[in-house]
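Student: Have a look at this one before I ask anything.
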Amino acid sequence: MGSPETAPQNLPDISLPPTSPQLRVGISDDLLVPWGWLEVALFVILAVIASVVVTWGVAEVAVRFFGVKPDNVFGATMSTAKSVVVLLSQAMIDGFAILYLYLMVLGRTRAPFWQSIGWRDMYTASGKLRPSSLQFLAGGAVLAVVVSFAGGFLNSKETLPIEQLLQARVSILLFGVLGVLVAPLVEETIFRGFLYPVIARQFGITAGIALTGTLFGLMHAAQLWGGWGQIALLILVGVVLTWVRARTGTVAASYFVHLGYNGLQLVGYLIYVVSGAHH
């Protein structure tokens, strides 16, 4: 038993589950989360099931209620209708993911959801957004420039799946909305808020940054299949985002970096499409 003078102070109002891994001495407060590997495994299983069921369900709705031909949504070729189904399905899956996390946290702590999942210190005492948010946003834009420049030397001659997905204007519009307004929020909450603390608590901060960043990049591998250099760059982006989260102790910081990164990438892609540029 430690004396009162050496007891940790100002810990979050949460308790660790009995099955949580043994914590290292001096572990930072932002890793003290009330979930562990069991919740992560359940999340992955439900995500796989949801991706199949939701995508099939949206495709069925398109066929039965909007007169879309079955071959256009269930076939192997990426049509405009199929691209819309894929993007809308992803938006729904993202919503279910946040709902799962909310219910999971609700059943384990009385602390506010967003604070428990890692979103801390976004605002000053007066309720204003911290000035550092703009710095992280600019840092994300710089990261996008660096990655785009490096990617110019790694372009694959093959047509990547994401290029097939974004052939129609409606697909580009949906992708842009999801990529800027939804993806940074959901992906940072899942990877840097939910997953990173469990990995870092088990294997240490350095391994947590590397593993979480790698998983983030591999999650996007299906969109870039065949573009191995681009996948490697996305893993690097994931590592940078997780490092920011670890360095600052808040998902809010990595979110603004992610937002700046995706925002500038979208602007660059729109310029590419409008100008009719080729690889």
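Student: Could you give the distance between the Cα centres of the range 214-258 and the range 49-123, to the whole Å?
Tutor: About 20 Å separates the Cα centre of the range 214-258 from the one of the range 49-123.
Student: A follow-up question, please. Measuring with a 1.4 Å probe in the full set of protein chains, what accessible area per residue, in whole Å², belongs to the chain?
Tutor: Value returned for the chain: 56 Å² of accessible area per residue.
Student: Now a separate question. Where in the range 187-229 does the amide nitrogen come within less than 18 Å of the point 7 Å from the Cα of residue 37, taken along Cα to Cβ?
Tutor: Output list for this probe position: 194-212, 215.
Student: Could you compute the longest span of the chain free of GluC sites (Glu not before Pro) located in DSSP loops and having at most 15 other Cβ atoms within 10 Å, not counting the site residues?
Tutor: 6-157
Student: Another question, if that's okay. If you plug each phi of the range 71-76 into the Karplus form 6.51 cos²θ - 1.76 cosθ + 1.60 with θ = phi - 60°, what whole-Hz ³J(HN,Hα) values come out, in order, with x for Gly and Pro?
Tutor: Residue by residue, the range 71-76 yields 5, 7, 10, 9, x, 6 Hz.
Student: To continue, here is another question. Could I have the simple spin-label model distance between residue 47 and residue 60, label points 7 Å from Cα toward Cβ, reported in nm to one decimal?
Tutor: 2.5
Student: Based on Cβ point charges of +1 for Lys and Arg and -1 for Asp and Glu, what charge dipole magnitude is obtained for the chain about its Cα centre, in debye rounded to the nearest 20?
Tutor: Charge dipole, the chain, about its Cα centre: 180 debye, nearest 20.
Student: Which of the three applies to the range 54-170, rounded, prolate or oblate, going by the alpha-carbon gyration tensor with a ≥ b ≥ c and a/c under 1.5 meaning rounded?
Tutor: Oblate.
Student: If I model a spin label as a point 7 Å beyond the Cα along the Cα-Cβ vector, how far apart are those points for residue 228 and residue 124 in nm?
Tutor: 5.0
Student: Can you check what the net charge comes to around residue 244, using other residues whose Cβ is under 11 Å from the Cβ of residue 244 (Lys, Arg +1; Asp, Glu -1)?
Tutor: Spelling it out: positives minus negatives among the neighbours equals +2.
Student: Please report the carbon-and-sulfur percent of the accessible area for the chain; probe 1.4 Å, protein heavy atoms only, DNA, RNA and ligands left out.
Tutor: Carbon plus sulfur share of accessible area: 68 percent.
Student: Okay, next question. Sequence gap at least 6, Cα distance under 8 Å: using those rules, report the relative contact order of the chain to the nearest whole percent.
Tutor: 23
Student: Give, in whole angstrom and from largest to smallest, the semi-axes √(5λ) of the equivalent ellipsoid of the range 117-179, with λ running over the eigenvalues of the Cα gyration tensor.
Tutor: Value: 34, 18, 10 Å, ordered largest first.
Student: Let me ask something else about it. Give, as ranges by residue number, the residues of the range 46-60 whose backbone N falls under 20 Å from the point 7 Å along Cα→Cβ of residue 177.
Tutor: Taking a point 7 Å out along Cα→Cβ of residue 177, the residues of the range 46-60 whose backbone N falls under 20 Å are 54-60.
The values are calculated or read from the model by the stated rules, or taken from the named source; none is laboratory data. All values reported here derive from a predicted model rather than from experimental measurement. Positions of Cβ are backbone-derived with ideal geometry, glycine not excepted, and every protein chain shown enters the neighbour counts. Just so you know, the surface numbers come from the protein's heavy atoms only, side chains and all, with ligands and any DNA or RNA stripped out. Shrake-Rupley method; radii C 1.70, N 1.55, O 1.52, S 1.80 Å.
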